[in-house]
Amino acid sequence: MNRNPKPKLAVWKFASCDGCQLSLLDCEDELLAVAGAVNVANFPEASRAVVAGPYDLSLVEGSITTPHDAERIHKIRRASKCLVTIGACATAGGIQALRNFKDVKQFTSIVYARPDYIETLNKSTPVADHVSVDFELRGCPINKRQLVEVINAFLHGSKPNTPRHSVCVECKVRGTVCVMVARGVPCLGPVTQAGCGAICPSYARGCYGYFGPKETPNTASLSGRWTHLGAQPDDLVRAFRSFNAYAEPFRKESEAHEK
């Protein structure tokens, strides 16, 4: 008899594109190490096999958008020793949270022939708005190396070592010239959490905020700089309303420039 069974890992999907789950499957060599260290008990993206809970670690992708979602996430929380949300949808409501700024009934009436068949919540919200979350891993999609770090940390009872500084630090590490200073290109890098490797600035494009707000972001100051570069209020609203539109710092800044 195995006296030390492997920890059970479960991966759950809510309203999302599956990109963050695919990041786990894209871990290649690291995935083999993860698979060897845990019992992948529930992961529909990878296998039809399902092992009953409780689970030592649950990874949750996607936002809560329907009454069924709201009930299901509570069941998952009760069955999970640790629960980690992965990706912009699970941590900030995702791109679908754009509906939070309008009346969702307007969208359903336009998109669906029979909107009365659609059962949805008025808002798309992060998992943490419904249950307690042990850790949030941001990104759209998440960084696969950060995901391996998070899994490893929880397996060993330690705190995940993921960055909280801005994308600007990553630009410095790469030796990338600041696109705002050198080219006058608006960039969300100063207020966005690191994790992407500063890919966009390395191609002379401004950061789009895929990893959400960094710790204590000064969004008002950045908006002032954008305005100096010629950005209009509508430009600022669109910039802060993307993949992490409902993350509090970005939401408040976009509302400050909304007509």
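Structure data summary
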item: Filter on 159/259; 6/75; 8/105; 13/259; 81/172 - keep pairs with C-alpha separation over 32 Å; result: 159/259; 8/105; 13/259; 81/172
item: Label-to-label distance, nm, for residues given as residue 183 and residue 105 (7 Å Cα→Cβ offset); result: 4.6 nm
item: For region 8-17, Karplus couplings with θ = phi - 60° (6.51, -1.76, 1.60), whole Hz, Gly/Pro x; result: 8, 10, 10, 10, 10, 10, 10, 5, 5, 9
item: For region 73-139 and region 181-237, distance of Cα centres in Å; result: 25 Å
item: Computed over the chain: relative contact order in percent, which uses C-alpha pairs under 8 Å that are six or more apart; result: 17 percent
item: Nonlocal amide H pairs with residue 12, under 5 Å, H built at 1.01 Å; result: 59, 60, 61
item: Sparse-neighbour loop sites [GluC sites (Glu not before Pro); region 1-101; at most 14 other C-beta within 10 Å; DSSP]; result: 28, 45
item: Whole-Hz couplings from phi, Karplus 6.51/-1.76/1.60, listed for region 104-112; x for Gly and Pro; result: 4, 5, 5, 5, 5, 5, 8, 7, 10
item: Proximal charge balance of residue 78 [Cβ under 12 Å; K/R count +1, D/E count -1]; result: +3
item: Relative contact order of region 8-155, defined on C-alpha pairs under 8 angstrom at six or more residues apart (%); result: 29 percent
item: Highest-MSF residue in the chain out of 70, 194, 49 [GNM, Cα springs under 10 Å]; result: 49
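Laboratory data are not the source of any read-out in this text; all were calculated from the coordinates shown. Values in this document were obtained by computation on a predicted structure and should not be read as measured data. With ideal geometry, Cβ positions are generated from the backbone for all residues, glycine too; neighbour counts draw on all protein chains shown.
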